[in-house]
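Beneath this line is the structure, given in structure tokens, with notes to follow.
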Amino acid sequence: MALEKTKRLIAAAGTHSRIFRRIWVAVIVLPFFASAVLSACRQQDPPVETRVNPLPGIHKKYDRGPATCLLDVDKSEITIADRLELAIAVITDPGFEAEMPSIGEKLDRFGVVDYHTPPAELTADGRTKISRSYVLEPFLSGEYTIPALTVHFWKTGAKDTEMHDITTQALSIKVNSLLPQNLKEVKLHDIQPPVTVPADITPWMWAAAGGGVLVVLLVGFFWIRHRGRRAGTMAQQKIAPHEQAYEELAALIARNLIESGEIKLFYQEISNILRRYIENRFGINAPEQTTEEFLEGLKTHATFPVEYQDLLKRFLIHCDLVKFAAHQPVAEDIQNTVESCGKFIDETALKAADAREAGEA
């Protein structure tokens, strides 16, 4: 009886041992199996490089025979306060030469602020690379276009007989305005009340002491003022009037006066910019005249184009309504004011350039 009981205990112990061994194997093997499955899943994912976002801007490549043209724009959408960088590169096989497209002071509606031409370089595969970069500046908001550009290349020594070209596609650039889309939340600041100045007898004492030299100071003042005006006129001639006006208008918009509620100040500044442009462009010196006096005086100046008098009159009267009559413009009115100012400067500047070319011809 004892023997049978002993056999049963041994058999039960063997069964429990086999169960423990199976559990132990599962504990060891299952983590490795799970790791292998996860590794296989990871190998099926796309490489990291394929998920990286492409470079910002616009990048185009054009191939034709032994030549390749690369066109890069750093941004496809900017504001009127930003600048755009355009880079052009031409890579040619050995035995070929190329030249860049001809770009002047303007590229469509963009102004060319600066450009840089680095020395030619040799690529790793033995080809020759020439490049040039341009800094472009918009003026008004809207849809701009970088027009199609043509690159010429030829076999060395055969420029006059075997010239070929690569023409790029036109690129669309969006230029956004800095003005807010909704002016309902913009609040106009009220005019501050007069400030009482405390009485002070010191100026009277100085006036009495300086009475003997007043006449000399006045004579010196008018003489220096006369020379200063001449010097200022010569200094302003170094910068074209329309370029100076463009810079002043861009700086005004960058001050964000509309967003801060300083709408009256904005209209005062933009009307002053246009007045200064007219004074510098047409030689009309009337800094302290009223709008009526200013417009009436333009009729006697033969240098001012008659066809722009109505446009200028509407612009200045609209500015006066905002500055002096508490008129509150909407967003569309402000945008039209900025665009009217830019249109006037742009078109009168073009007429000046056309007149110079006609005179030279």
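Every read-out reported here was derived from the displayed coordinates using simple, explicitly stated rules and does not represent laboratory data. Nothing here was measured: the structure is a model prediction, and the numbers come from that model. Every residue, glycine among them, receives a Cβ derived from its backbone with ideal geometry; neighbour counts consider all protein chains shown.
Viscosity 1.306 mPa s, temperature 10 °C: what is the translational diffusion coefficient of segment 58-176 from Stokes-Einstein with a Kirkwood Rh over Cα pairs, rounded to a whole number of µm²/s?
Numbers: Rh = 15.1 Å.
Estimated diffusion coefficient is 105 µm²/s.
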Report summary line: Given a Förster distance of 35 Å, the FRET efficiency implied by the Cβ-Cβ spacing of Asp63 and Glu105, rounded to the nearest 0.05, works out to 0.70
Requested in this report: Using label points projected 7 Å from each Cα along Cα→Cβ, tell me how many nm separate Gln335 and Ser260, to one decimal.
Outcome: 2.4 nm
Report task. Between Glu307 and Lys174, take the C-beta separation as r, use R0 = 45 Å, and let me know the FRET efficiency to the nearest 0.05. Result -> 0.90
Query raised in the report: For the residue pair Glu121 and Gln328, what label-to-label distance in nm results when each label sits 7 Å from Cα along the Cα-to-beta-carbon direction?
Result: 5.7 nm
